[in-house]
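Visitor: My questions will all concern the structure given below.
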Amino acid sequence: MRAIGRIFAALIGFILAVVAAAMFMLAASVGFTPADPADSLWFWGNFGVGAALTASYLGAMALAPWAVVILVTEVFRLRTVLIYLAAGGFLGVLPSLGLAPMMRSFDGGPREIAILVAAGFVGGFVYWLAAGRMAGIDGVFLTRPREPKDGQ
C-alpha cells in the first residue's frame, strides 16, 4: 500500500515541479510586470496560458529522464536535496548540449541557457519539497522483511 502512495507522491511532485519550472522560465524571460499598466489583464492572461503551455512542453520533455531519477532515488532511498538539484540542473542543460529528447539542439545565448539550468534547479527543489524528502518505501527493496520476535 505504501508503494502506491509513493507513486502518487512522485506523480504529484513531478507535476508541481514542472509547473514551478515553467513559471520560473516564463517569469525570467518576460518578467512579472506588464510594460503598460493598462494592459495588466491581458499580460496576466497571456502569462497564465504561456505557463500552462510551457509546463505541458516541459513535462513531455522531462518525463522519461525524470522517471529514471525518481526510480533510482526511490529504490535507494536517496533523500538529499543535492541529488534533485543536480538532476534538475542536468535536465536543464540537456537542450544546450543537443541531448534533449524530442527536441532539436538549442543554440541560445548564455542567458537562455542559465534560465534553463536555473529552471531545472527550481523544478528539482520543488520535487524534493513535494516528494523527494520522503523517498523510499521503508526499505522494501533493500532490506529483508522483519522476522517475528520470540513470543509474538
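The values are calculated or read from the model by the stated rules, or taken from the named source; none is laboratory data. All of these numbers come straight from a predicted model, not from anything done at the bench. FYI the Cβ positions are ideal-geometry reconstructions off the backbone, even for glycines, and counts take in every protein chain you see. Note: accessible area is taken over every heavy atom of the protein model, side chains too, but ligands, DNA and RNA are not part of it. Shrake-Rupley method; radii C 1.70, N 1.55, O 1.52, S 1.80 Å.
Visitor: Given the rule -39500 (n - 2.57) for each run of at least 4 DSSP H residues, summed and divided by the residues of the chain, what is its mean residue ellipticity at 222 nm, to the nearest 500 deg cm²/dmol? Spell out each step's value before the answer.
Guide: Working: 4 runs with 103 residues, N = 152.
Computed mean residue ellipticity for the chain: -24000 deg cm²/dmol.
Visitor: Which ³J(HN,Hα) values, rounded to whole Hz and listed in residue order, are derived for region 5-12 from phi using the Karplus coefficients 6.51, -1.76 and 1.60 in 6.51 cos²θ - 1.76 cosθ + 1.60 with θ = phi - 60°, glycine and proline given as x?
Guide: x, 5, 5, 5, 5, 5, 5, 5
Visitor: Separate question: In nm, give the distance between the simple-model label positions of Asp150 and Asp39, each being 7 Å from the Cα along the Cα-to-Cβ direction.
Guide: Simple spin-label model gives 8.1 nm for this pair.
Visitor: What are the ³J(HN,Hα) couplings of region 17-23, residue after residue, when phi is run through the Karplus curve with 6.51, -1.76, 1.60 and θ = phi - 60°? Round to Hz, x for glycine and proline.
Guide: Per-residue couplings from phi come out as 5, 5, 5, 5, 5, 5, 5 Hz.
Visitor: Now for a separate question. Considering only protein heavy atoms and a probe of 1.4 Å, how much of the accessible area of the chain is carbon and sulfur, as a whole percent?
Guide: On the way: 6900 of 9650 Å².
That share works out to 71 percent.
Visitor: Quick check: the angle from helix 40-75's long axis to the longest principal axis of the chain, C-alpha only, nearest 10 degrees?
Guide: 30 degrees
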